[in-house]
Amino acid sequence: MPAETFEFQVEARQLLQLMIHSVYSNKDVFLRELVSNASDALDKLRLEALRDDSLGADTSDLHIEIETDPEARTLTVRDNGIGMSYDEVGRLIGTIANSGTAEFLRELREAKEKEAGGETDGTEGLIGQFGVGFYSGFMVADEMTVVTRRAGESQGTRWSSRGEGTYSLEKVDEAPQGTAVTLHLKPADPEDQLHDYTSPYTIREIVKRYSDFITWPIRMAGEKTPGDGEGDDGAEPAPETLNSMKALWARPRDEVSEDEYHELYKHIGHDWRPPLETIRFQAEGTFEYQALLFLPEHAPHDLFTRGYRHGLQLYVKRVLIMDDCEALLPSFLRFVKGVVDAQDLSLNVSREILQQDRHIRMIQRRLTKKVLSSLKDMKNREPERFATFWREFGTAVKEGLVTDPDSRDAILAVTTLASTHCEEPTTLHEYVERMRDGQDAIYYMTGESRQSIESSPHMEALRARDIEVLLLTDPVDEVWVDTVGEFEGRKLRSVAKGEVEAVPDEKGEEEREKQGEEYADLLGWMKERLSEEVKDVRLSSRLTTSPACVVSDADDLSPALENMYRAMGQEVPKAKRILELNAGHPLVSALNRAYGEREDRSGLVETAELLHTLAVLAEGGRPEEPGRFVRTVADRLAATL
């Protein structure tokens, strides 16, 4: 039967050009697409042979073969799978995207318009259900030829096209079972990312990267052995199997050694050290996928930088789709390395970008839950290993307390924090169990270091009453404590905010009422004189040795949080703070006496300002006018000599 020439529809021609020039960002993936199609054909033959005993197909050595011819500039991907009939070739290959060419083209145009308009759900939102991966071959080839014969039939079919709007179709008598796709390659052009696809090295690298875990062997003819004499072409080379076929996540755990897990982690995690923990997960049911996750032992130096690349490797039916798929885990678990292999996922047309659908959200939720439960088990079973993990990654995990409300309880269950009453970090639950009778809040303080917090004036009263305080030194601590608010019915309360009433004391209450009356005039005068810097001046219940401290109102942002927002480019109005005085300190009591005895109190203004500045310095702040402060202190010191 002579070859017939057909024309693609107008929309199909447009789509073909789009496929060649616009859809794929990496031309190497054409080989992934052709190998994936060949793997599907082998899967289909195996199933068909089980259902139909009369098929008569040879399934003893199912495989994929890659053959290159540098002189002819051709590359052939051949399989001995199910193959296609004449009608199937016309339907599946002859009409691009036979599930709806015009509809697909319309959606792609709309997506491009959205991207141009700054919207984020453009081409990334297109579902890859149109079967157009075969045409990615035209990115690297001037012409493509397909020779195929369906299992159980005697006659084959040849299809060919130059990707310019027409294709030819003919029946052939001599065709092996399966499908052979031959690409007549364009000249290599490194500047256009067109590599030499007749190079065995290039083929090995692409197969290893994208198709290493394909179930079927991918073979390539080895290099010939030189002959011994004239007319001797040498020994026929043994075929080389390019892929390992060792998808460790698909094998029973007792069949995989720790060394094999470690080697896989080192490969995908780019880390020469073994992982701290290996986590396996398998989901069954209507949507099946497998995951093999690794917790590193050490945090990378760029974990908290904006450009840090994170995400899991995503496979679909053992074919690599994405190297760093951020959608599979929340950002607070960005340090987790590993692989997710799904049976089916919604991808965009190039299979390079994930469609954000319920399956992806489901995977993220379940993997997040699995990682956090594994951390909890590690904490209970191997506290030393958990301490290593938390020291490296605890700061990142605590970000989830702000960004992932659904995981908050699970994160709190593994969160460990430094405390005034423990040498080792403690959990919030353990803190609650140690709370004193009458204590109704969980007290904490944030700061740059444990030493600076423990020496802060805000800690004095709680230390005197032996009240435990959590010492929070990570920048994220400033945010999550306000977001979480409480734990097991107890408020999380900063010792540097609002009033601190750790344990009610009737005698203390009476004394404070008496002092309040005694100091009322001084407090009102100081509030008026310092109105530019403070919103209120009051006596303190938290100081025992320091003369004064500054605190934030219960609902105000802390100075550290204000600075954090400003560093991120957000305008935050500076909140005035409260100056608290220690009525038992000699300086404060002397100031109160002087205020009551002197009619001219102008000389006391400088003392009040110094008292406020000392309070700012005590918490690690800096004076509004450092030069003026230094001159005032120097003058005061000189007057005492």
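The values are calculated or read from the model by the stated rules, or taken from the named source; none is laboratory data. All figures in this text were calculated on a predicted structure; none of them were measured in a lab. Every residue, glycine as well, gets a Cβ built from its backbone with ideal geometry; the counts of neighbours run over all protein chains shown. Ligands, DNA and RNA are stripped out before the accessible areas are found, and what is left, the full protein with its side chains, is counted by its heavy atoms. Shrake-Rupley method; radii C 1.70, N 1.55, O 1.52, S 1.80 Å.
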(Q) Cβ-Cβ distance below 8 Å, separation of 6 or more or different chains: which pairs start in region 597-614 with a residue that is touching a residue at least 60 places away in the same chain (Cβ under 8 Å) and end on one that is among the hydrophobic types (A, V, I, L, M, F, W, C) and open to solvent by 40 Å² or more (accessible area, probe 1.4 Å)? (A) LEU611/LEU587
(Q) Quick test of your reading of the structure: PHE629 fulfils all but one of (1) exposed (fewer than 13 other Cβ atoms within 10 Å of the Cβ); (2) at pLDDT below 85. Name the failing condition by number. (A) (1)
Q. Which ones in region 370-385 are of a type outside the set (Ser, Thr, Tyr) and open to solvent by 10 Å² or more (accessible area, probe 1.4 Å)?
A. LYS370, LYS376, ASP377, LYS379, ASN380, ARG381, GLU382, PRO383, GLU384, ARG385
Q) Which of the residues that make up region 74-85 are modelled with pLDDT under 95 and either on the phi > 0 side of the Ramachandran plot or open to solvent by 60 Å² or more (accessible area, probe 1.4 Å) (or both)? A) GLY83
Q: Filter region 235-255 down to residues that are assigned to a helix (DSSP H, G or I) and open to solvent by 90 Å² or more (accessible area, probe 1.4 Å), then give me how many there are.
A: 3
Q: For region 294-314, indicate whether the set of residues that are part of a strand (DSSP E or B), more than 30 Å from GLU384 (Cβ to Cβ) and among the aromatic types (Phe, Trp, Tyr) is non-empty.
A: no
Q.
List the residue pairs whose Cβ atoms are under 8 Å apart, where the first residue sits in region 264-291 and is under 21 Å from ARG309 (Cβ atoms) and of a type in the set (Lys, Arg), the second is loosely packed, with under 12 Cβ neighbours inside 10 Å and modelled with pLDDT under 90, and the two are 6 or more positions apart or on different chains.
A. LYS266/TRP272
Q: Could you please let me know if SER36 is at pLDDT below 80 and open to solvent by less than 70 Å² (accessible area, probe 1.4 Å)?
A: no
Q | Residue count, region 445-469 (criterion: acidic (Asp, Glu) and in contact with a His (Cβ under 8 Å, 6 or more places away or on another chain)) | A | 1
Q.
Based on this model, can you work out whether THR278 counts as of a type in the set (S, T, N, Q) and either out of contact with any strand residue (DSSP E or B) (no Cβ under 7 Å at 6 or more places or on another chain) or assigned to a helix (DSSP H, G or I) (or both)?
A. no
**Q.** Restricting region 1-33 to residues that are among the hydroxyl-bearing types (Ser, Thr, Tyr) and not in a helix (DSSP H, G or I), the residue that is modelled with the highest pLDDT
**A.** THR5
Q.
Can you list residue pairs whose Cβ atoms sit under 8 Å apart, with the first residue in region 78-106 being of a type in the set (Ser, Thr, Tyr) and the second being buried (at least 18 other Cβ atoms within 10 Å of the Cβ) and at pLDDT 75 or above? Count only pairs 6 or more apart in sequence or on different chains.
A. SER85/ARG150; SER85/THR157; TYR86/THR157; TYR86/LEU169
**Q.** Check on LEU50, open to solvent by less than 80 Å² (accessible area, probe 1.4 Å) and modelled with pLDDT of 80 or more
**A.** no
Q. Taking region 153-192, which residues are aliphatic (A, V, I, L, M) and open to solvent by 60 Å² or more (accessible area, probe 1.4 Å)?
A. none
Q | All positions within region 209-222 that are in contact (Cβ under 8 Å) with a residue 24 or more places away in the chain and closer than 19 Å to ALA238 by Cα | A | TRP216, PRO217, ILE218, ARG219, MET220, ALA221
Q. In region 524-626, which helices (runs of 4 or more DSSP H) lie fully inside it and hold 3 or more residues that are open to solvent by 40 Å² or more (accessible area, probe 1.4 Å) and hydrophobic (A, V, I, L, M, F, W, C)?
A. 559-567, 602-618
Q) What are the residue pairs meeting all of these: first residue in region 385-405, first residue closer than 17 Å to PRO275 by Cβ and small (Gly, Ala, Ser), second residue open to solvent by less than 10 Å² (accessible area, probe 1.4 Å) and not in a helix (DSSP H, G or I), Cβ atoms under 8 Å, and 6 or more apart or on different chains? A) ALA396/LEU303; ALA396/PHE335
Q: Identify the residue in region 422-438 that is in a strand (DSSP E or B) and out of contact with any Leu (no Cβ under 9 Å at 6 or more places or on another chain) and, among all such residues, is farthest from ARG463 (Cα to Cα).
A: GLU424
Q) Residues in region 443-457 that are buried (at least 19 other Cβ atoms within 10 Å of the Cβ) and over 25 Å from LYS398 (Cα atoms): how many? A) 1
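Here's the yes/no breakdown for (1) modelled with pLDDT of 90 or more; (2) small (Gly, Ala, Ser); (3) more than 25 Å from ALA464 (Cα to Cα):
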| position | (1), (2), (3) |
| --- | --- |
| GLU499 | no, no, no |
| VAL503 | no, no, no |
| LYS507 | no, no, no |
| ARG512 | no, no, no |
| GLY516 | no, yes, no |
| GLY524 | yes, yes, yes |
| GLU532 | no, no, yes |
Q.
Return the pair list, or none, for Cβ contacts closer than 6 Å from residues in region 303-319 that are open to solvent by 20 Å² or more (accessible area, probe 1.4 Å) to residues that are part of a loop (DSSP other than H, G, I, E, B) and modelled with pLDDT of 80 or more, at least 6 apart or on different chains.
A. TYR308/ASP302; HIS310/ARG334; ARG318/PHE213; ARG318/ILE214; ARG318/ALA247
